[in-house]
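Written out below as structure tokens is the structure these notes cover.
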Amino acid sequence: RFAQSFFAGGFCALISHALFTPIDVVKTRLQTSASKYKGPVDAARCIVREEGKRALLKGLGATAAGYFIHGAFKFSLYELAKVAMSPTQELALRPPLYIAAAAALFAETVAGFFLTPMEAVRIRAVVDPTFPASPFAGIRLLYKSEGLHGLYKGLAPILLKQVPYTVAQFGAFEVSVALVQGFLRMIAGGDRYTSIPGSAPFVST
């Protein structure tokens, strides 16, 4: 179960983030060189005109590697934490919101720790044309020049962004699952209503 969630979560995150690498490149350039561009479209055109179309894929390696690791740990540890925090298997499958929130907080904190170095490398690769394209060569260079501080100085902002998002994401997911299951049971002829602990009332058996 852990391995299934690990690899499924990893590939899910890798694909979804890698597909939007050009948007990340434009966003990062706007954040680091705002005065140079008039907006996102102008930034994209300038990047292509000055550096070629391949420039829109800068940081792809770090994005793919970083978010594979991030998604793998985020989804697998969430499932593992739900089981560890729930007194029964049944409760782990339909956790109350406080368990879902605590499991999400734990999973994202660990996942964010693994993501941060790759995000540091991705940003350097996007803004510095001399920076290595390989994420692992980038990590070695950044570690050699700035040490662990260079790799992890963005940890606090990443966690401040990602942890609340993930807690809300998984909490909303669990609530949505309960709603959909209750709705389908109601359509199938069920007429019993109950509540999920720590959440609003939902239709259930």
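The values are calculated or read from the model by the stated rules, or taken from the named source; none is laboratory data. Given the structure is predicted, the values throughout are model-derived calculations rather than measurements. A quick note on method: Cβ atoms are made from the backbone with ideal geometry, for glycine too, and the neighbour counts reach across all protein chains shown. SASA here: full protein model, heavy atoms, side chains in, ligands and nucleic acids out. Shrake-Rupley method; radii C 1.70, N 1.55, O 1.52, S 1.80 Å.
Observations, loosely collected:
- Of the helices (runs of 4 or more DSSP H) contained entirely in the range 1-59, those carrying at least 3 residues that are within 19 Å of the chain's Cα centre (by Cα) and surrounded by 13 or more Cβ atoms within 10 Å (Cβ to Cβ) fall at 2-18, 21-32.
- Hits in the range 130-151 (condition: more than 17 Å from Lys58 (Cα to Cα) and of a type in the set (Gly, Ala, Ser)): Ser145, Gly147, Gly150
- Restricting the range 140-156 to residues that are open to solvent by less than 70 Å² (accessible area, probe 1.4 Å), free of Cβ contacts under 8 Å to residues at least 40 places away in the same chain and within 20 Å of the chain's Cα centre (by Cα), the residue that is farthest from Glu108 (Cα to Cα) is Leu151.
- Note on the range 157-167: residues that are over 16 Å from Phe114 (Cα atoms) and either at pLDDT below 95 or open to solvent by less than 60 Å² (accessible area, probe 1.4 Å) (or both) amount to 1.
- Breaking point among (1) open to solvent by 80 Å² or more (accessible area, probe 1.4 Å); (2) of a type outside the set (Lys, Arg); (3) modelled with pLDDT of 90 or more, for Leu93: (3)
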